[in-house]
Structures are given as structure tokens and as C-alpha cells.
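Below: the structure, in C-alpha cells.
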Amino acid sequence: MSKLYKLMAFLAIGLTGCGGGGSTTSTSYITYDMWDYVVSDQNITKHFDLYDTDSNFNPTGGVYLNAGDLKETLLSSTSVKQEEIVNGNIINTEVLTVSDNYIKVENGNTLDRYRSIGSDFGGCTIAQHYDTYNPMDDYNFVDVIEIHCDDYSMFYAKGKGKILGQGIYTINGNTSYTISIANNISN
């Protein structure tokens, strides 16, 4: 499976469709403002490193540094544009807008803004909250929410937006596992 396909698959499974280690505070009675997690609180371009992994999402040696980017631009205090970039080309653009109780993905889902662990979020499940999240050496994040879907999970850091994705991909009967991690993001 090509690096480009894996990265495009990772980037494309954001909010339209819906590993590691850390300390958790996963309690179902805490409600999280998902707007604080799914978008950055500043204009930012995040660069992602793509790793081939085993079925437990442990790296197996294949790595593509700076394999793709996610650019987030604040349009207003209630609207953010996200552009997914591979090889210098924008492959997808979404505009997310927040209201009192909802997050609206332009031409996509309307999601409940306030959710707790175990809640549905765009057809996926809010699986866990991590106080600290260290998916592998040299990648350290704080205040992270994991959203789990059928064949992939996405991780969002408060104030930083999407920071990690892990997925299972099957093409022509061949299954592979990958993890894509944002690099050089200060907390």
C-alpha cells in the first residue's frame, strides 16, 4: 500500500465520518466541550509523521517524516477552516462552525458539542480522555480525547485539534496498520 494512500486515508477520516500510553481520567460523568478539542485555538499548520505498525500500533520500522499537513485557519471566533495537504496539494477542505450546542461541519455532520466518555460523536464513540498522552518517544501531548470508530481512532488535544490517527486498511486482501502523529506541536 502506498504512503500517499495511507496518508490520504488518515486525513480524510476526520469529522466527516466521524494506541499509545498515558494517564487517563476516563469517567462518564465529565462533560467535554468538543469544540475545544476538534480544532486548534490558533492559526497553525501541523506536520504529520506516518508510521507502519503492527496490529497493536507499535512501529515496525517504516516511517515517512512530514508525510502530510493539516492547516487550520481561524475564520472567526466561531468558525475554523481545515485544509488537508499531501505533497503540497490541498486534498480536502472543511469549515467547522460552532454554536451554543452544536458543531457543524460544512456539507457534513452536525455534532453535539458537549459530550462525555462513551457518548456517540458523529457515529463514533468518545473512548477515553488522557491527562498526558505519549504514543511513542518524542511525541508528548496533554489533555487528549480519543474518538474510536470501526477501523480507526482519532486523537485530539485541547487547543491543538487533531494530533494523531491510527487505522487498519485493507486493499486487495492485504491488511496494514498505520499511525500518523503530529510533530513539533508545543503544549
Can you tell me which residue in segment 32-84 is surrounded by the fewest Cβ atoms within 10 Å (Cβ to Cβ), limited to those that are touching a Leu at 6+ places or on another chain (Cβ under 9 Å), assigned to a strand (DSSP E or B) and aliphatic (A, V, I, L, M)? L65
Looking only at segment 85-94, which residues are hydrophobic (A, V, I, L, M, F, W, C) and buried (at least 16 other Cβ atoms within 10 Å of the Cβ)? I85, V86
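When the residues of segment 136-153 are narrowed to those that are touching a strand residue (DSSP E or B) at 6+ places or on another chain (Cβ under 7 Å) and modelled with pLDDT under 90, which ends up most open to solvent (accessible area, probe 1.4 Å)?
The first filter runs over segment 136-153 and keeps only residues touching a strand residue (DSSP E or B) at 6+ places or on another chain (Cβ under 7 Å), leaving 136, 139-149, 151-153.
Restricting the remaining residues to those that are modelled with pLDDT under 90 gives 136, 151.
Values: M136: 34, D151: 87 Å².
Within segment 136-153, the match that is most open to solvent (accessible area, probe 1.4 Å) is D151.
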Can you tell me which of G161, G167 is in contact with a strand residue (DSSP E or B) (Cβ under 8 Å, 6 or more places away or on another chain), on the phi > 0 side of the Ramachandran plot and buried (at least 20 other Cβ atoms within 10 Å of the Cβ)? G161
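Mind listing whichever residues of segment 62-77 are of a type in the set (G, A, S) and modelled with pLDDT under 95?
Passing the criteria: G62, A67, G68, S77.
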Exactly one of these conditions fails for K3: (1) open to solvent by 70 Å² or more (accessible area, probe 1.4 Å); (2) modelled with pLDDT of 95 or more. Give me its number. (2)
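The values are calculated or read from the model by the stated rules, or taken from the named source; none is laboratory data. This one's a predicted model, so the numbers in the text were calculated from it and none came from an experiment. Neighbour counts are summed over all protein chains in view; Cβ atoms, including those assigned to glycine, are modelled from backbone coordinates with ideal geometry. Areas reflect the complete protein model, heavy atoms only, side chains present, ligands, DNA and RNA absent. Shrake-Rupley method; radii C 1.70, N 1.55, O 1.52, S 1.80 Å.
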